Amino acid sequence: MADTLFLSMMFNVGFLVMIASLMSRTALVKNLLLGRSSGMGGQLLLALFFGMISVLSTYIGIGVNGAIVNTRAIGVLAAGLMGGPVAGMGAACIGGLHRWLFDIGGFTSVACACSTILGEGVLGCVFHRRFQSGRLKGWQLVLLGAVAEIGQMAFILLLARPFWQAVALVRVIALPMIVMNSCGIVAFIGAFQHIFIEENSLVDSRIRQAMHIAEQCLPYLRKGLYSKADLDRAVEIIRSGAHCDGVAVCDRQQMLSSSGFGFGEHTAPPSLLREVMDGGETRVAIQTEDCPELAALLERHIVIAAPLTRQGSAIGCLVLLEPHRWLPLEAERGFIEGLAMLFSTQLELSQVEYQKSLLQKAEFQRLQSQVNPHFLFNSLNTISYFCRENPERARELLLLLGQYYRYSTDENDGFVPLGRELKQVETYLKLEKARFEDRISVSFRGIETVDLERRVPSLILQPIVENAIKHGADERGLRWVSVTFSPEGQGIVVRVEDRGQGFPQEVLTALDEGSLPGNKVGLQNVHRRLKSIYGEENGLKITSGAAGSTVTICFPDGTGKGLLA
């Protein structure tokens, strides 16, 4: 008898596991167990599903001495563990009431109904949180199933009469039901396990995919949403990487770039995308009614749109076009939301970079507008002297002065080849030599060792050379200045030396603090521009003493990109 019961129970457990495996492949059951169909409706659907499993277990059970040897506990326990209290107690009530109605007045009908509701149903609900947190291991599930079946035997002994008959029944059915149902609950729940494994795998895959796409798109998002060529390239990268049928990006006024949607240039965003930007939440359009403007696309596709934000406000929208097919929609929503979040972060950074470039541009223009008026006054005085003594020399100097100021006011992106910057310094020195004549000596060394096509910030050397000439006179009034160029790694180092009395300590301190007086704006500006462009560690390096000073400028590896590049 025991062998027959074991075999029958084994068959019934296998049958339930097969049903569970098949049902777990359906979208409805997946969504219910993953919590996508939230609310009371979803819980009641789970209760109905597992309740039907319990009813089926009763029907396929084996009659023994007025009782039914069954696997009903498996469905009820699983409902509570996986679905929660509402699903667990709902399934228990369905299974228990059916057991009572199945054999009203039967020897064990009341006992089995009570054990189903008050035993297995309550146990599943009590251990739901522990199961969901992953703290209920396999052997503990076996133990929980055994406790549930021992409880059922106890209910039979307490409620079934005559008592001697209940004892005889328990002796026959206890071991097969305890062993098979406690092992069966592990196998039954294991049939649903792949849902969570697939979900985690899919989410992980989509996250990695979103990160990879974002990484590829970053170089094309540095200018925000307003470089069409860069946006077009980014859209194609997304479409290729996401394996979708279409991608589009819009702002609040127009479609900026699209591939696969067929939007014309400067087309106004459809109502769905405006709602996404107004509400700041992802939207999915599946049917024509969801977005009439995209009716033709929605016949065969799904449209998923997520907002692009900056400083907490939606400034645009990222849209994907997916073919109609069964797919885990939540994974697609998570994918586009993650991608939109990464893009929004890059848009924030692009705005910061743009503001930084404007600041650099403003500093450059400030330097242009504050060219030392004393230099102009002194140069004009010198030229006026030559007008009487040497008109040709005066004409030559006027041309040099015009050339000097033309360079100073040229509109450019803030970067010029090093060779051009040197010509500006040479022009300045020619004007100064006309003034100081033999009292000034400037030498250049190492020019041939560096790349004169390397782009450097414009008006970066002349203020340093001017400072050396202005403040670098020795006790006899002679001005000796040396400008040395040397390659250092992939960068260029320029050292400007003089033989003056050195920088006062308060000037060096004020330079570091950014508080130099107005008459030294050139030195301060150069220092701040270098740090802004090349990093805090690459400002002016000054060594000073009674025998003179050395100002070092480093242009590190890399080419200047321009203030508004």
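Please state which of the following conditions ALA306 fails to meet, knowing it meets all the rest: (1) at pLDDT below 90; (2) outside any helix (DSSP H, G or I).
The failed condition is (1).
May I ask you to list the residues in region 514-538 that are at pLDDT below 80, of a type in the set (A, V, I, L, M) and under 16 Å from VAL496 (Cβ atoms)?
Selection gives LEU523 alone.
What residue, of ILE286, ILE315, is surrounded by 14 or more Cβ atoms within 10 Å (Cβ to Cβ) and without any contact (Cβ under 8 Å) to a residue 40 or more places away in the chain?
Values: ILE315 fails: without any contact (Cβ under 8 Å) to a residue 40 or more places away in the chain.
So the residue among ILE286, ILE315 that is surrounded by 14 or more Cβ atoms within 10 Å (Cβ to Cβ) and without any contact (Cβ under 8 Å) to a residue 40 or more places away in the chain is ILE286.
Within region 58-81, which residues are under 42 Å from the mean Cα position of the chain (by Cα), of a type in the set (A, V, I, L, M) and more than 14 Å from LEU16 (Cβ to Cβ)?
LEU81
State which residue pairs qualify: first residue of a type in the set (A, V, I, L, M, F, W, C) and inside region 155-172, second residue open to solvent by 50 Å² or more (accessible area, probe 1.4 Å) in any location, beta carbons under 6 Å apart, and separation of 6 or more residues or different chains.
LEU159/VAL110; ALA166/LEU157; LEU169/ASN65
Scan region 87-131 residue by residue and report those that are polar (S, T, N, Q) and either without any contact (Cβ under 8 Å) to a residue 24 or more places away in the chain or under 19 Å from LEU44 (Cβ atoms) (or both).
Our first condition is that a residue be polar (S, T, N, Q); within region 87-131, this holds for 108-109, 115-116.
If the condition is that a residue be polar (S, T, N, Q) and either without any contact (Cβ under 8 Å) to a residue 24 or more places away in the chain or under 19 Å from LEU44 (Cβ atoms) (or both), then SER109, THR116 are the ones that fit.
Looking only at region 68-82, decide whether some residue is part of a helix (DSSP H, G or I), open to solvent by 30 Å² or more (accessible area, probe 1.4 Å) and not aromatic (Phe, Trp, Tyr). Spell out the reasoning first.
Pass one, region 68-82, residues part of a helix (DSSP H, G or I): 72-82.
When the remaining residues are screened for being open to solvent by 30 Å² or more (accessible area, probe 1.4 Å), the result is none.
Checking region 68-82: not a single residue is part of a helix (DSSP H, G or I), open to solvent by 30 Å² or more (accessible area, probe 1.4 Å) and not aromatic (Phe, Trp, Tyr).
Condition test on ALA295, is it over 18 Å from LEU347 (Cα atoms), open to solvent by 10 Å² or more (accessible area, probe 1.4 Å) and aliphatic (A, V, I, L, M)? It would help to see each step written out before you state the result.
Details: over 18 Å from LEU347 (Cα atoms): yes; open to solvent by 10 Å² or more (accessible area, probe 1.4 Å): yes; aliphatic (A, V, I, L, M): yes.
Yes; evaluated as a whole, the condition is true for this residue.
Would you please name the residue that is surrounded by the fewest Cβ atoms within 10 Å (Cβ to Cβ), looking only at residues in region 224-274 that are at positive phi and over 23 Å from the mean Cα position of the chain (by Cα)?
Checking each candidate, the answer is HIS266.
Collect the residues in region 1-40 that are open to solvent by 50 Å² or more (accessible area, probe 1.4 Å), of a type outside the set (Ser, Thr, Tyr) and at pLDDT 80 or above, keeping them in residue-number order.
If the condition is that a residue be open to solvent by 50 Å² or more (accessible area, probe 1.4 Å), of a type outside the set (Ser, Thr, Tyr) and at pLDDT 80 or above, then PHE6, LEU7, MET10, PHE11, PHE15, MET18, LEU22, MET23, MET40 are the ones that fit.
Which members of region 470-509 meet the condition of being over 25 Å from GLU537 (Cβ atoms) and out of contact with any Asp or Glu (no Cβ under 6 Å at 6 or more places or on another chain)?
LYS470, HIS471, ALA473, ASP474, GLU475, ARG476, GLY477, LEU478, ARG479, TRP480, GLY500, GLN501
Could you check GLU149 against (1) free of Cβ contacts under 8 Å to residues at least 60 places away in the same chain; (2) out of contact with any Gly (no Cβ under 6 Å at 6 or more places or on another chain) and say which number it fails?
(1)
Quick one: count up the residues across region 417-451 that are without any contact (Cβ under 8 Å) to a residue 60 or more places away in the chain and open to solvent by less than 60 Å² (accessible area, probe 1.4 Å). Reasoning before the result, please.
Let us first name the residues in region 417-451 that are without any contact (Cβ under 8 Å) to a residue 60 or more places away in the chain, namely 417, 419-451.
This time we only want the ones that are open to solvent by less than 60 Å² (accessible area, probe 1.4 Å), so: 417, 419, 421-422, 424-425, 427-429, 431-432, 434, 436, 440-443, 446-447, 450.
The qualifying residues number 20.
Any chance you could count how many residues in region 97-142 are among the polar types (S, T, N, Q), over 12 Å from GLY80 (Cβ atoms) and open to solvent by 20 Å² or more (accessible area, probe 1.4 Å)? Talk me through it step by step, then tell me what you get.
Narrowing region 97-142 to residues among the polar types (S, T, N, Q): 108-109, 115-116, 132-133, 140.
Checking the rest, the ones that are also over 12 Å from GLY80 (Cβ atoms) come to 108-109, 115, 133, 140.
The next check asks that each one be open to solvent by 20 Å² or more (accessible area, probe 1.4 Å); those that pass are 133, 140.
Total meeting the criteria: 2.
From the set of residues in region 456-496 that are surrounded by fewer than 18 Cβ atoms within 10 Å (Cβ to Cβ) and among the polar types (S, T, N, Q), which is farthest from GLY446 (Cα to Cα)?
Across region 456-496, the extreme among qualifying residues is GLN490.
The values are calculated or read from the model by the stated rules, or taken from the named source; none is laboratory data. From a predicted model like this one, the values you see are computed outputs, not experimental measurements. Ideal geometry is used to build each Cβ from the backbone, glycine not excepted, and the neighbour counts take in all protein chains shown. The area values use the complete protein model at the heavy-atom level, side chains included, leaving out ligands, DNA and RNA. Shrake-Rupley method; radii C 1.70, N 1.55, O 1.52, S 1.80 Å.
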